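Visitor: Encoded as structure tokens, here's the structure I'll be asking about.
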Amino acid sequence: MNILIKSATIIDSKSEFHNTTQDLLIENGKITKISTSIENPKNYKEINFENLHVSQGWFDSSVSFGEPGYEERETIQNGLKTAGLSGFTSVAINANSNPVIDSNANITFLNSKANNHAVSLLPIGALTVGSLGTDIAELYDMRTAGAVAFYDYKKPISNPNLMKIALQYASNFNGLVCSFPQENKISGLGVVNENITSTRLGLKGIPALAEELQVARDLFLLEYTGGKLHIPTISTAKSVELIRAAKHKKLDVTCSVAIHNLYFSDAVLTDFDTNYKVLPPLRTQPDIDALIAGVKDGTIDMVTTDHTPIDIEEKKIEFDHANYGTIGLESAFGALQRLFTTKKTIEVLTKGKARFGAEAQPIAIGNMANITLFNPEPKYTFSKQDIVSKSKNAIFENETLKGHVFGIIANNQKVLKS
């Protein structure tokens with residue numbers, strides 16, 4: 001693939017061309033020249049979008065598709081296309097399919113379905129067999145097949161001894177263990193944040209304590225065992241405090257936050273719109289403020305879309321019975337641009353790569369092109385026309401967002417909007 005990118009502002013703090021406007025020549029997928037003006041004698045395809053910016057390719061640490069088993073929600077091929085058009089060159093895929101991704105063969109299947117795509121698929125294997133929380137899955141076998149981490153998606157490990165053993169065992173091969181931060185005995189039958197909003201709406205609440213107890217427990221276990229721990233999608237101010245303290249102790253812990261938990265409080269629930277039913281639930285404005293501060297000071301290592309396609313039949317029903325989850329790849333950049341500067345937005349979209357084994361090379365001559373192309377300025381109202389996913393359960397529908405993504409160039413291929 002040979003392409004000449006014209007007049008692109010490079011946003012990459014690791015690159016010597018950071019904050020400069022350059023032409024980029026890409027030949028056979030490799031950046032061969034970067035200069036303020038490059039001629040095109042070989043008549044390569046030129047890319048010249050309005051107010052074009054480029055950065056290192058973006059990464060998402062928590063994406064769900066449907067395949068295998070729930071192809072009506074999303075297929076791997078369309079999911080990867082969606083990720084590419086949304087600016088992501090690599091995505092870590094959760095194990096919540098049918099069958100659950102809990103073996104070497106399952107990991108191999110995912111890799112085969114994503115082979116030779118512009119977007120790199122990084123499989124996350126289940127931590128326990130069938131994600132049932134009873135027996136540890138074939139962690140080492142999955143690791144040899146290409147699993148980048150181990151996680152029972154949205155299912156907390158209730159047995160502390162099992163979590164202890166998992167951390168100890170995975171440390172033998174530098175494996176990353178993920179633990180969903182919720183104590184189910186505290187959350188009970190709750191469906192939204194326990195707060196004045198849940199009381200007013202007559203919905204059972206999930207107290208912040210349910211998350212914070214689990215976070216505290218897992219950090220104690222990590223301190224005892226060693227190993228590598230990732231706590232996905234935290235949502236409360238106290239969780240930020242606990243993880244900040246753990247990092248001061250030099251524990252090997254990282255965490256993420258879902259973009260919608262940075263953007264919406266539980267005050268939006270007044271109309272019982274099930275697109276706002278997510279897990280962890282939308283919390284309070286003080287929680288949002290603490291989460292944003294955690295992103296800014298580095299306590300929170302990465303921001304995820306927590307992209308979860310859900311069938312319309314499982315969303316357009318009573319709030320109590322609707323499935324948790326929202327799609328988020330298509331709206332990620334625009335939502336983050338409403339919260340942070342462009343520099344910070346790109347930073348959080350490219351952090352976390354090393355933790356999950358994603359490619360992370362600066363924009364430099366001689367490196368393979370792994371870049372995202374975007375315009376950070378235009379404002380627009382996010383609508384169904386912006387959704388590429390098969391499922392349409394979008395929490396950001398009708399929100400005013402900022403910035404357009406043109407697509408990606410990676411793995412010697414391009415995924416670009418026409």
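The values are calculated or read from the model by the stated rules, or taken from the named source; none is laboratory data. All values reported here derive from a predicted model rather than from experimental measurement. Cβ: placed from backbone, ideal geometry, glycine included. Neighbour counts: every protein chain shown. For the accessible areas, the whole protein counts, side chains as well, though only heavy atoms, and no ligand, DNA or RNA atoms are used. Shrake-Rupley method; radii C 1.70, N 1.55, O 1.52, S 1.80 Å.
Visitor: So if I check each of ASN161, ASN174, which one is open to solvent by 70 Å² or more (accessible area, probe 1.4 Å), more than 25 Å from the chain's Cα centre (by Cα) and at pLDDT 95 or above?
Guide: Being open to solvent by 70 Å² or more (accessible area, probe 1.4 Å), more than 25 Å from the chain's Cα centre (by Cα) and at pLDDT 95 or above holds for just one of ASN161, ASN174, which is ASN161.
Visitor: Taking SER112 as the residue in question, decide whether it is under 30 Å from GLY407 (Cα atoms) and buried (at least 17 other Cβ atoms within 10 Å of the Cβ).
Guide: Judged against the criteria, SER112 is not a match.
Visitor: Residue check, ASN193 against (1) among the polar types (S, T, N, Q); (2) under 23 Å from the mean Cα position of the chain (by Cα); (3) over 21 Å from LYS277 (Cβ atoms), all met but one. Which one?
Guide: Just one mismatch for ASN193, condition (3).
Visitor: Tell me the residue from SER265, SER256 that is closer than 24 Å to GLU397 by Cβ, touching a residue at least 60 places away in the same chain (Cβ under 8 Å), open to solvent by less than 30 Å² (accessible area, probe 1.4 Å) and not aliphatic (A, V, I, L, M), please.
Guide: One residue alone meets the criteria, SER256.
Visitor: Same structure again: Just give me the residues in the range 341-359 being open to solvent by 40 Å² or more (accessible area, probe 1.4 Å) and not basic (Lys, Arg), in sequence order.
Guide: Matches in the range 341-359: THR341, GLU347, ALA354, GLY357, GLU359.
Visitor: Given ILE186, ILE206, which one is in contact with a helix residue (DSSP H, G or I) (Cβ under 9 Å, 6 or more places away or on another chain) and open to solvent by less than 10 Å² (accessible area, probe 1.4 Å)?
Guide: Matching residue, one of ILE186, ILE206: ILE206.
Visitor: Of all residues in the range 396-418, which are touching a Lys or Arg at 6+ places or on another chain (Cβ under 9 Å) and open to solvent by less than 10 Å² (accessible area, probe 1.4 Å)?
Guide: Residues satisfying the conditions are LEU401, GLY403, GLY407, ILE408.
Visitor: From LYS392, LYS402, which residue is at pLDDT 95 or above, in contact with a strand residue (DSSP E or B) (Cβ under 9 Å, 6 or more places away or on another chain) and assigned to a loop (DSSP other than H, G, I, E, B)?
Guide: The unique qualifying residue is LYS392.
Visitor: Which one is nearest to THR254 (Cα to Cα), of the residues in the range 177-190 that are within 23 Å of the chain's Cα centre (by Cα) and of a type in the set (S, T, N, Q)?
Guide: Checking each candidate, the answer is SER179.
Visitor: Taking the range 213-239, which residues are crowded, with 21+ Cβ neighbours inside 10 Å and within 13 Å of PRO280 (Cβ to Cβ)?
Guide: Those that are crowded, with 21+ Cβ neighbours inside 10 Å and within 13 Å of PRO280 (Cβ to Cβ): GLN214, VAL215, ILE231, PRO232, THR233, ILE234, SER235, THR236, SER239.
Visitor: Could you check the range 1-71 for strands (runs of 3 or more DSSP E) lying wholly inside it with 3 or more residues that are in contact (Cβ under 8 Å) with a residue 12 or more places away in the chain and either surrounded by 14 or more Cβ atoms within 10 Å (Cβ to Cβ) or of a type in the set (Ser, Thr, Tyr) (or both)?
Guide: Qualifying strands (runs of 3 or more DSSP E): 3-11, 21-27, 30-35, 53-56, 58-63.
Visitor: Which numbered condition in (1) open to solvent by less than 40 Å² (accessible area, probe 1.4 Å); (2) within 29 Å of ARG217 (Cα to Cα); (3) within 22 Å of the chain's Cα centre (by Cα) is the only one that ALA166 fails?
Guide: (3)
Visitor: While we're looking at this one, here's another question. Any idea which residue in the range 360-383 is nearest to ILE47 (Cα to Cα), counting only those that are part of a loop (DSSP other than H, G, I, E, B), open to solvent by 10 Å² or more (accessible area, probe 1.4 Å) and modelled with pLDDT of 95 or more?
Guide: Only one residue fits best here, namely ASN370.
Visitor: Go through the residues of the range 289-298 one by one and say whether even a single one is crowded, with 24+ Cβ neighbours inside 10 Å and charged (D, E, K, R).
Guide: No, the range 289-298 has no match at all.
Visitor: With the condition kept exactly as written, say whether any residue in the range 368-377 is within 24 Å of LEU122 (Cα to Cα), among the aromatic types (Phe, Trp, Tyr) and under 13 Å from the mean Cα position of the chain (by Cα).
Guide: Within the range 368-377, none of the residues are within 24 Å of LEU122 (Cα to Cα), among the aromatic types (Phe, Trp, Tyr) and under 13 Å from the mean Cα position of the chain (by Cα).
Visitor: Something else now. Can you give me the ranges of the helices (runs of 4 or more DSSP H) entirely in the range 280-359 with at least 3 residues that are of a type in the set (A, V, I, L, M) and under 23 Å from ALA267 (Cα atoms)?
Guide: Qualifying helices (runs of 4 or more DSSP H): 285-297, 332-339.
Visitor: Evaluate the range 81-96: report whether one residue or more is in contact (Cβ under 8 Å) with a residue 12 or more places away in the chain, touching a strand residue (DSSP E or B) at 6+ places or on another chain (Cβ under 8 Å), among the aliphatic types (A, V, I, L, M) and open to solvent by 20 Å² or more (accessible area, probe 1.4 Å).
Guide: Yes, the range 81-96 contains at least one residue that is in contact (Cβ under 8 Å) with a residue 12 or more places away in the chain, touching a strand residue (DSSP E or B) at 6+ places or on another chain (Cβ under 8 Å), among the aliphatic types (A, V, I, L, M) and open to solvent by 20 Å² or more (accessible area, probe 1.4 Å).
Visitor: Now a separate question. In this structure, is VAL303 under 20 Å from the mean Cα position of the chain (by Cα) and more than 21 Å from LYS164 (Cα to Cα)?
Guide: It is true that VAL303 is under 20 Å from the mean Cα position of the chain (by Cα) and more than 21 Å from LYS164 (Cα to Cα).
Visitor: Looking only at the range 159-204, count every residue that is closer than 30 Å to GLY146 by Cβ and out of contact with any Pro (no Cβ under 8 Å at 6 or more places or on another chain) and tell me the total.
Guide: Within the range 159-204, residues that are closer than 30 Å to GLY146 by Cβ and out of contact with any Pro (no Cβ under 8 Å at 6 or more places or on another chain) number 19.
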